[in-house]
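Contents: one structure, followed by commentary.
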Amino acid sequence: MAVSESVHGMWSSRLMFILAAAGSAVGLGNIWRFPYLAGENGGGIFVLVYLGCIFVIGIPIMSAEILLGRSGRQSPINTMRELTAMSGANPFWQIVGWMGAIAGFMILSFYAVIAGWAISYIFQMGSGAFTGADAEFANSAFTSFTGNVWSVVGWHGLFMVMTIVIAARGVGKGLEIAVKYLMPALFVLLVVLVIYAAATTGHFMEGVSFLFSLNTEKFSWGAVLTAMGQAFFTLSLGMGAIMAYGAYMPKDASILGTATTIALLDTGVALMSGLVIFPLVFANGLESSAGPGLMFITLPIAFGQMEGGEIFGVIFFLLVTFAAITSSISLVEPAVAWIVEKAKISRAMGAVTVGGFAWLVGLGSAFSTNIWADVTIVGGMTFFYTMDYVSNNIMLPVGGVLIALFAGWILDKKIIEDQMPGRTTMFSLWRFLIRFVAPAAVSLVFVMTFI
Ligand code: PHE
């Protein structure tokens with residue numbers, strides 16, 4: 001029935017698929033976005049809702065995306081087209097592929113801006129500028145850096161070029177080589193930093209209790225929506241990234257087991273990032289609700305205080321950059337694969353087109369901390385916040401629900417049997433979650449937030 005190889009290439013093993021998908025999942029969402037959202041939304045209760053969403057909604061939808069991708073073995077747009085036809089379903093379902101590609105552009109546009117900040121911080125740390133820095137210095141360094149339009153746009157452009165170069169080299173020579181080295185390195189450094197936070201700040205337990213103790217005062221449906229959106233964002237779900245990567249996954253690997261492994265890795269990295277950042281926040285008397293600047297303000301202070309901090313700081317921001325790259329290549333993959341299939345052009349041309357366009361859109365976010373800081377789009381949000389809010393809190397969950405409904409109710413049973421052989425308890429659980437629980441949970445959050 002299904003083709004066994006993708007024209008775009010294949011991961012060389014199940015492990016490589018895990019690394020690539022974990023590379024997509026682990027990124028700015030874990031190290032930068034998760035801690036600052038937890039901080040803004042009161043810690044424990046946010047973390048609990050987020051974890052609930054990962055397990056009840058995230059893992060089932062990730063499995064569904066892999067299932068769809070591996071059955072279609074093409075770009076998400078063409079995979080959805082083919083599976084819709086094969087299942088005799090309404091062409092409406094093709095919207096999943098299209099909406100995903102648009103969400104990918106929107107996310108990449110602001111993602112590359114933040115990744116650009118991280119690249120700049122590699123050099124700022126390396127220059128020794130933060131040696132002995134206190135909170136006030138780190139705050140003003142951040143404000144003046146993001147306030148300078150030329151530097152923000154320059155670093156943003158550099159990051160996009162790096163993404164384009166890797167994406168252009170293709171699955172085997174680009175993506176796989178990037179994740180093979182960068183992911184293990186990132187993991188090791190994070191462990192070192194958690195140990196550092198535990199051993200030296202004297203405020204580790206405060207960080208732990210901030211992340212894990214339930215403060216119900218902070219509960220709001222808006223925060224629940226944010227936590228759910230973050231679950232989609234951090235697992236790269238709802239826009240076809242995992243579907244695109246699933247298209248290159250070997251047939252013999254188990255889908256449910258693999259998805260669970262990836263989600264656990266991703267969640268582990270997010271929690272560890274929180275356990276690095278919050279002890280530093282409390283040790284230095286900073287605001288846990290500092291927003292998007294949190295990581296860029298707290299860590300430089302900590303590195304500034306520690307022995308050999310310059311080197312640690314350089315390595316840390318280097319790894320944040322790498323984590324961002326292994327995610328951004330998955331943000332462009334659905335659109336690049338589609339352009340290659342459709343226009344029969346080279347991957348290089350496809351990558352330049354997609355990346356170039358995302359860079360242009362991203363200028364709006366790059367300007368949001370300087371020349372457009374006062375320009376608001378909807379609800380008083382800057383361009384940057386609008387892109388982030390609409391893509392993560394709305395488009396990803398909507399895309400995710402459509403994927404869940406398609407895989408649970410519409411997709412031809414023979415395809416599921418072929419991709420997920422064996423009727424285990426885990427399979428029954430997945431089927432129940434994907435058909436009922438995930439769609440209902442997302443709908444409930446939407447209704448409670450917006451009505
Ligand atoms: N999961 C990535 C992160 O946490 C972001 C991402 C979202 C990547 C959607 C691909 C698709 O940084």
TODO: Tell me the helices (runs of 4 or more DSSP H) entirely within the range 315-422 that contain at least 1 residues that are closer than 30 Å to LEU37 by Cα.
DONE: 347-366, 383-388, 396-405
Task: Every residue from the range 234-261 that is aliphatic (A, V, I, L, M), under 13 Å from ILE61 (Cα atoms) and within 16 Å of the ligand (Cβ to nearest atom) - done: LEU235, LEU237, MET239, ALA241, ILE242, MET243, ALA259
- [ ] Return yes or no: is PRO76 more than 19 Å from VAL361 (Cα to Cα) and more than 26 Å from the chain's Cα centre (by Cα)?
- [x] no
- [ ] Within the range 205-233, track down each residue that is more than 16 Å from the ligand (Cβ to nearest atom), more than 17 Å from VAL269 (Cα to Cα), aliphatic (A, V, I, L, M) and touching a residue at least 60 places away in the same chain (Cβ under 8 Å).
- [x] LEU214, ALA223, VAL224, LEU225
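State yes or no: is ILE394 more than 23 Å from ALA22 (Cβ to Cβ) and within 16 Å of the ligand (Cβ to nearest atom)?
Values: more than 23 Å from ALA22 (Cβ to Cβ): yes; within 16 Å of the ligand (Cβ to nearest atom): yes.
So ILE394 passes the test.
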- [ ] Quickly run through the range 193-204 and pick out the residues that are touching a residue at least 60 places away in the same chain (Cβ under 8 Å) and either closer than 14 Å to ILE31 by Cβ or surrounded by fewer than 16 Cβ atoms within 10 Å (Cβ to Cβ) (or both).
- [x] LEU193, VAL194, ALA197, GLY202
Open item on the list: Condition (residue is touching a residue at least 24 places away in the same chain (Cβ under 8 Å) and charged (D, E, K, R)) applied to the range 294-313: is it met by at least one residue?
Closed with: yes
TODO: Please work out which residue is surrounded by the fewest Cβ atoms within 10 Å (Cβ to Cβ), limiting yourself to the range 207-230 and to residues that are β-branched (Val, Ile, Thr) and under 23 Å from VAL437 (Cβ atoms).
DONE: VAL224
Open item on the list: Checking SER346 against (1) buried (at least 24 other Cβ atoms within 10 Å of the Cβ); (2) more than 30 Å from GLY132 (Cβ to Cβ); (3) away from the ligand (no atom under 15 Å from the Cβ), only one condition comes out false. Which one?
Closed with: (1)
Open item on the list: Go through the range 100-110 and report how many residues are surrounded by fewer than 20 Cβ atoms within 10 Å (Cβ to Cβ) and farther than 30 Å from SER151 by Cα.
Closed with: 0
- [ ] Could you pull out the residue among PHE367, PHE357, PHE296 that is buried (at least 18 other Cβ atoms within 10 Å of the Cβ), within 25 Å of the chain's Cα centre (by Cα) and more than 16 Å from the ligand (Cβ to nearest atom)?
- [x] PHE367
Open item on the list: What are the pairs with Cβ atoms under 8 angstrom where one residue, in the range 271-288, is in contact (Cβ under 8 Å) with a residue 40 or more places away in the chain and the other, located anywhere, is basic (Lys, Arg)? Sequence gap at least six, or different chains.
Closed with: none
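Only one of SER63, SER24 is more than 30 Å from SER288 (Cα to Cα) and of a type outside the set (Phe, Trp, Tyr). Can you tell me which?
Answer to the check: SER63.
Each row is one residue, and each column tells you yes or no for (1) hydroxyl-bearing (Ser, Thr, Tyr); (2) surrounded by fewer than 24 Cβ atoms within 10 Å (Cβ to Cβ); (3) modelled with pLDDT of 95 or more.
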| residue | (1), (2), (3) |
| --- | --- |
| PRO60 | no, no, yes |
| SER63 | yes, no, yes |
| ARG70 | no, no, yes |
| ILE77 | no, no, yes |
| LEU83 | no, no, yes |
| PHE92 | no, yes, yes |
| ALA112 | no, no, yes |
| ALA115 | no, no, yes |
| PHE123 | no, yes, yes |
Open item on the list: Restricting to the range 308-343, and then to whatever is over 23 Å from LEU189 (Cα atoms) and of a type in the set (Asp, Glu), can you tell me which residue is surrounded by the fewest Cβ atoms within 10 Å (Cβ to Cβ)?
Closed with: GLU341
Open item on the list: Can you go through ALA167, ALA141, ALA133, ALA178 and tell me which one is touching a residue at least 40 places away in the same chain (Cβ under 8 Å) and either surrounded by fewer than 16 Cβ atoms within 10 Å (Cβ to Cβ) or within 22 Å of ALA373 (Cβ to Cβ) (or both)?
Closed with: ALA141
- [ ] Could you tell me which numbered condition PRO250 fails, if it satisfies all but one of (1) in a helix (DSSP H, G or I); (2) touching a Lys or Arg at 6+ places or on another chain (Cβ under 9 Å); (3) over 28 Å from TYR389 (Cα atoms)?
- [x] (1)
Task: Filter result for ARG14 (basic (Lys, Arg) and modelled with pLDDT under 95) - done: yes
Open item on the list: Can you find a residue that is surrounded by fewer than 17 Cβ atoms within 10 Å (Cβ to Cβ) and closer than 30 Å to GLU136 by Cα anywhere in the range 277-285?
Closed with: yes
TODO: Could you tell me which of the residues PHE17, PHE55 is surrounded by fewer than 22 Cβ atoms within 10 Å (Cβ to Cβ), under 27 Å from GLY408 (Cα atoms) and aromatic (Phe, Trp, Tyr)?
DONE: PHE55
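The values are calculated or read from the model by the stated rules, or taken from the named source; none is laboratory data. Computed from a prediction, not measured in an experiment: that's the story for all the values here. Using ideal geometry, Cβ is built from the backbone for each residue, glycine included, and neighbour counts are taken over all protein chains shown.
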